[in-house]
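The values are calculated or read from the model by the stated rules, or taken from the named source; none is laboratory data. Keep in mind the model is a prediction, meaning the values are calculated, not measured. We place every Cβ from the backbone using ideal geometry, glycine too, and count neighbours over all the protein chains shown. To get the accessible areas, we keep the full protein, side chains included, count just its heavy atoms, and leave off ligands, DNA and RNA. Shrake-Rupley method; radii C 1.70, N 1.55, O 1.52, S 1.80 Å.
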Protein chains: 2
Amino acid sequence: MTTSLHDLETPALVLDTDRMDANIARMQDKMRGLDVALRPHVKTCKSRDVALRLSGGGQGPITVSTLKEAEQFFAAGYKDILYAVGITPNKLDHVVRLRREGCELSIILDNAEAARAVAEKSTESREAVPVLIEIDCDGHRSGVKPGDPLLLEIAKTLEKGGAVLGGVMTHAGESYNCRSVEAIAAMAEVERKAVVDSADVLAGAGYDCTTVSVGSTPTATYARDLAGVTEVRAGVFVFFDLVMAGIAVCSIDDIALSVLVSVLGHQPDRGWIITDGGWMALSRDRGTAKQKVDQGYGLACDVEGRPIADLIVSDANQEHGILSFRNGGHDVMREFPVGKLLRILPNHACATAAQHDRYRLVRRGSTTIEGEWPRFSGW
Amino acid sequence: MTTSLHDLETPALVLDTDRMDANIARMQDKMRGLDVALRPHVKTCKSRDVALRLSGGGQGPITVSTLKEAEQFFAAGYKDILYAVGITPNKLDHVVRLRREGCELSIILDNAEAARAVAEKSTESREAVPVLIEIDCDGHRSGVKPGDPLLLEIAKTLEKGGAVLGGVMTHAGESYNCRSVEAIAAMAEVERKAVVDSADVLAGAGYDCTTVSVGSTPTATYARDLAGVTEVRAGVFVFFDLVMAGIAVCSIDDIALSVLVSVLGHQPDRGWIITDGGWMALSRDRGTAKQKVDQGYGLACDVEGRPIADLIVSDANQEHGILSFRNGGHDVMREFPVGKLLRILPNHACATAAQHDRYRLVRRGSTTIEGEWPRFSGW
C-alpha cells in the first residue's frame with residue numbers, strides 16, 4: 001500500500017487536511033461572530049468527506065452548482081440544498097424528482113420566463129418548488145437589479161403559479177477583482193444592502209422572505225456586519241488558492257491543495273524544468289494573470305509543501321509543465337534532477353480539483369499519505 | 001429514453017459522428033498519400049469507441065499521454081502503445097507491469113538520468129523496455145537537440161543497461177503557433193529532418209533505429225514529404241477545434257465537438273445571454289486569444305450545429321457562460337429566450353472533452369441522439 005508521496009505516480013492531487021481544517025475553523029468563527037449561518041458551497045470540493053468536515057460532522061445546509069452535486073450530497077444524507085445557478089426549464093423534472101425523494105432542494109432564478117416555467121412545473125407536478133430570487137449586487141453576471149419592478153413581478157408569478165418564494169440571494173462575484181481589503185469590505189456591504197433592500201421590498205408587498213442569502217469567499221472573509229442576512233454561501237475558502245492569496249483573502253501558507261508532479265527533463269539553456277504536471281493536471285486557469293503577482297499556472301513548493309521562492313509554472317502543455325525561476329540564476333539540472341517531486345499550488349482550487357478524481361491526504365509538512373478521498377465531477 | 005438534444009439536461013458534450021468520420025478519413029488518406037503509418041493520439045478522445053473508428057475497426061498502433069490511457073486501451077485490445085510523455089522513474093514499475101501483461105508499451109525520454117533509470121529497471125526486472133529518444137525539432141519544450149552528442153550517450157546507456165532502443169520521435173508543438181499554411185509545411189519539413197538526421201546519427205554509430213516518429217495535427221495535415229519517417233502521431237484532428245480552424249488546419253465546419261448549453265437569463269442592457277455552460281463545461285482554454293480571431297471561450301451555434309455569426313462566449317464563470325455578439329446590435333432576450341439551446345464549438349477539443357464523462361452522438365445537422373459513448377479522464 002502507498003504510504004508516502006514518494007511512492008505515488010504523478011501527477012496527483014494532494015490535500016493538506018491541517019490547512020483545510022484551519023481554513024474551515026476560521027470561516028466558521030467568522031460566521032459565528034457575525035451571527036449568521038454558513039451554507040458552504042460544495043462545488044469546490046465535490047467530496048462527501050470534505051463536506052463532512054465543513055458541516056462539523058453533521059449534514060447541514062449546503063450550496064451546490066450542479067444537480068449532480070445535489071444528487072450526490074443528497075445520497076450522502078444532506079437534505080437542505082440550494083442549487084445556486086439560475087434554473088433552466090430542462091432541469092425542472094430533475095428538481096421535482098429530487099424533491100419527491102425527500103431532498104429539500106431549492107433553486108434560483110432572475111427572470112419572468114424562468115419564474116413562469118417553475119410555476120407551471122409546480123402546478124403540473126403538485127410539487128411546490130422553493131425559489132430564491134437572484135439579485136444583481138455588482139453587475140457581475142446575473143440577477144434582478146435592486147429597485148427593478150421585475151422583483152415583484154417574479155414574486156407574483158411564482159406564488160400565483162404554486163411555487164414557493166423562499167427569499168432572495170446574491171453573489172458578489174466582482175469581489176474577486178477587488179484590489180484591497182477595504183474594497184472587499186465595501187463590496188460586502190454593497191452585497192448585504194442589495195439583498196436586504198430587496199427582501200424589504202418583497203416584505204413590504206406582503207411576501208414572505210425567509211432566506212436572505214449572500215456569498216463569496218472574499219466578502220465572507222471581510223464583511224463587518226451582516227444585519228438582515230440569514231446565511232452566507234462560500235466555497236473556495238475550504239482549500240484557498242493563489243487567486244485568493246493575490247487579493248489578501250488568505251496567505252499562501254493557507255493553501256491546502258496542491259498537485260504533486262515529477263521532474264521529467266530540462267532545457268538548461270533556458271532555465272526550464274519540465275514536469276509531468278501540465279494543464280490537464282493544473283487546469284487552464286490563469287486567474288493570477290491580471291493580479292499584481294502573476295503566478296503562471298501555479299507556484300512550486302518542495303514535496304513537504306514549502307514554497308520555493310520565485311519558481312512558477314511559467315507555461316503548460318497538456319501533460320507537461322514548464323517551470324522556471326522568475327529571474328533565472330539557478331542551475332536547474334543540479335537543483336531539480338529528473339524524478340524530483342514538487343507540489344504546485346493552484347491558481348483556482350475549483351478548477352484544479354476538477355481535473356482529478358481523488359484527494360491524497362497529508363498533514364502539514366509531511367509526505368506521509370494518511371488516506372484518500374474520492375471526488376466526483378460532471379453533470 | 002432520451003432521443004433528442006431537446007430532452008437533455010445541459011451542459012452536455014455532443015459529438016457529430018459524420019464530421020468525425022470525415023476528419024478521420026481525410027487524415028488516413030493523407031497518410032496513405034505520404035506512404036507512412038498513422039499512430040493516432042488517443043489523448044484527445046479517451047474513448048474506446050472513438051479509437052475504434054480511428055483504427056478502422058481494428059486495434060492498430062496508438063499514442064497515449066498517460067499510463068491510465070495505456071491501461072484503458074490495452075484492456076480494450078490495443079497492444080502497440082507509445083506513451084509519448086517523457087518517462088519519470090516513479091512510473092517505471094507500472095510500465096513493467098503493463099509489459100508483463102502483454103502490452104507492447106514503449107516509452108520516450110530525452111536525458112541521461114531517465115535513460116539510466118530505465119536501463120536499471122530493465123536489468124532489475126528482466127523486462128527490456130523499448131525506448132524512443134525524443135528529439136527537439138523546434139525548441140518548443142523537450143528533446144535532445146539535433147547534433148547534440150547526448151543522443152549517442154543516451155543510446156549507449158539504454159543498450160548497455162538492457163533496455164531497447166526503438167528509435168527516435170519528435171513533436172512540432174510550435175506548429176500550433178504558425179500563421180500560414182506555408183509556415184506549417186516548412187515546420188513539417190523541419191520536424192521530418194530533425195528525426196531523420198538523428199536516426200542517421202544513431203544508425204551510423206551502429207544502433208538499430210526502427211521507428212522514426214513525428215507528429216502534430218498541423219504538420220500532419222500540410223506535410224509534403226515524409227521520406228525516412230515511419231509513423232505520424234496526431235490526435236486533435238479527430239474532432240478539430242477553433243484553434244485548428246484559426247491556423248487553417250481545418251474549417252469551422254469540420255469541428256465535430258460541441259457543448260450543448262441552455263440560456264438561463266440575460267443582461268439586456270449589456271447584450272449578454274447567460275447560459276449554463278461555464279468554464280467547467282468548456283474548459284478554461286483560451287487558445288484563440290492570441291490568434292487573429294479571438295473566439296472567447298467558444299463560438300455559438302444553433303442546436304443543429306450551424307454557427308451563429310459573431311456570437312461568442314465572451315466570458316465564463318464556473319457554471320455560467322456569458323455570450324454576446326461581437327458588435328452588439330441584437331435583441332438578445334427576444335432572439336435567445338430562456339431555455340433556448342445552443343451548441344458551443346470549443347477552442348481546444350482535448351481540454352473541453354476532458355471536462356465530460358461521455359459523448360452524445362448526433363449526425364450532421366440533426367438533434368436526434370444516436371447513442372452515447374463513455375470517456376475517461378485522470379491518471
| request: Would you point out the residue of the range B:172-213, among those that are open to solvent by less than 10 Å² (accessible area, probe 1.4 Å) and hydroxyl-bearing (Ser, Thr, Tyr), that is farthest from B:GLY139 (Cα to Cα)? | output: B:SER213
| query | How many residues, within the range B:304-346, are buried (at least 18 other Cβ atoms within 10 Å of the Cβ), more than 12 Å from every other protein chain (Cβ to nearest Cβ) and part of a loop (DSSP other than H, G, I, E, B)? | reply | 1
| request: All but one of (1) over 28 Å from the mean Cα position of the chain (by Cα); (2) at the interface with another protein chain (Cβ under 9 Å from one of its Cβ atoms) hold for B:ALA119, so report the exception by its number. | output: (2)
| List the pairs whose first member sits in the range B:130-149 and is away from chain A (no Cβ under 13 Å) and at negative phi, whose second member is in a loop (DSSP other than H, G, I, E, B) and polar (S, T, N, Q), and whose Cβ atoms are under 9 Å apart, counting only residues at least 6 apart or on separate chains? | none
| query | Scanning for something in contact with a helix residue (DSSP H, G or I) (Cβ under 6 Å, 6 or more places away or on another chain) and within 17 Å of A:GLY86 (Cα to Cα), does the range A:169-183 turn up at least one residue? | reply | yes
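Does B:ILE24 qualify as being more than 14 Å from every other protein chain (Cβ to nearest Cβ) and touching a residue at least 60 places away in the same chain (Cβ under 8 Å)? So that I can check it myself, show each step before the final result.
Numbers: more than 14 Å from every other protein chain (Cβ to nearest Cβ): yes; touching a residue at least 60 places away in the same chain (Cβ under 8 Å): yes.
Yes, satisfied.
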| message | Could you check the range A:252-270 and list, in sequence order, the residues that are at the interface with chain B (Cβ under 9 Å from one of its Cβ atoms), touching a helix residue (DSSP H, G or I) at 6+ places or on another chain (Cβ under 7 Å) and more than 21 Å from A:LEU8 (Cα to Cα)? | response | A:HIS266
| field | Which numbered condition A:ASP285 fails, given (1) among the acidic types (Asp, Glu); (2) open to solvent by 50 Å² or more (accessible area, probe 1.4 Å); (3) closer than 30 Å to B:ALA316 by Cα | value | (2)
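Are any of the residues in the range A:225-237 farther than 30 Å from B:THR63 by Cα, in contact (Cβ under 8 Å) with a residue 40 or more places away in the chain, charged (D, E, K, R) and out of contact with any strand residue (DSSP E or B) (no Cβ under 7 Å at 6 or more places or on another chain)? Spell out how you get there, then give the answer.
Start the filter on the range A:225-237 by keeping residues that are farther than 30 Å from B:THR63 by Cα, which leaves A:225-237.
Now drop any that are not in contact (Cβ under 8 Å) with a residue 40 or more places away in the chain, which leaves A:225-226, A:229-237.
Then keep just the ones that are charged (D, E, K, R); that gives A:225, A:231, A:233.
Okay, now just the ones that are also out of contact with any strand residue (DSSP E or B) (no Cβ under 7 Å at 6 or more places or on another chain), so A:225.
Within the range A:225-237 (the criterion being farther than 30 Å from B:THR63 by Cα, in contact (Cβ under 8 Å) with a residue 40 or more places away in the chain, charged (D, E, K, R) and out of contact with any strand residue (DSSP E or B) (no Cβ under 7 Å at 6 or more places or on another chain)), the answer is yes, since at least one residue qualifies.
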| field | Scan of the range A:292-303 for residues that are closer than 11 Å to A:LEU345 by Cα and surrounded by fewer than 15 Cβ atoms within 10 Å (Cβ to Cβ), ordered by number | value | A:ASP302
| task | Would you mind finding the one in A:ASP29, A:ASP7 that is out of contact with any strand residue (DSSP E or B) (no Cβ under 6 Å at 6 or more places or on another chain), open to solvent by 50 Å² or more (accessible area, probe 1.4 Å) and closer than 30 Å to A:LEU264 by Cβ? | result | A:ASP7
| message | So for the range A:180-201 (the condition being in a helix (DSSP H, G or I) and within 18 Å of A:GLY287 (Cα to Cα)), does at least one residue qualify? | response | yes
| request: State whether the residues of the range A:211-218 include one that is within 14 Å of another protein chain (Cβ to nearest Cβ) and more than 30 Å from A:ASP80 (Cβ to Cβ). | output: no
| Taking B:VAL249 and the conditions (1) outside any loop (DSSP other than H, G, I, E, B); (2) touching a Pro at 6+ places or on another chain (Cβ under 8 Å), which numbered condition does it fall short on, given that it satisfies the others? | (1)
| request: Pull up the range B:214-225, narrow it to residues that are crowded, with 24+ Cβ neighbours inside 10 Å and in a loop (DSSP other than H, G, I, E, B), then point me to the one that is farthest from the chain's Cα centre (by Cα). | output: B:ALA223
| query | Which residue pairs have Cβ atoms under 8 Å apart, sit 6 or more places apart or on different chains, and have a first residue in the range A:55-67 that is free of Cβ contacts under 8 Å to residues at least 12 places away in the same chain and a second that is part of a strand (DSSP E or B) and open to solvent by 30 Å² or more (accessible area, probe 1.4 Å)? | reply | none
| task | Kindly indicate whether A:THR17 is in contact with a Lys or Arg (Cβ under 8 Å, 6 or more places away or on another chain) and either farther than 24 Å from A:GLU370 by Cα or free of Cβ contacts under 8 Å to residues at least 40 places away in the same chain (or both). | result | no
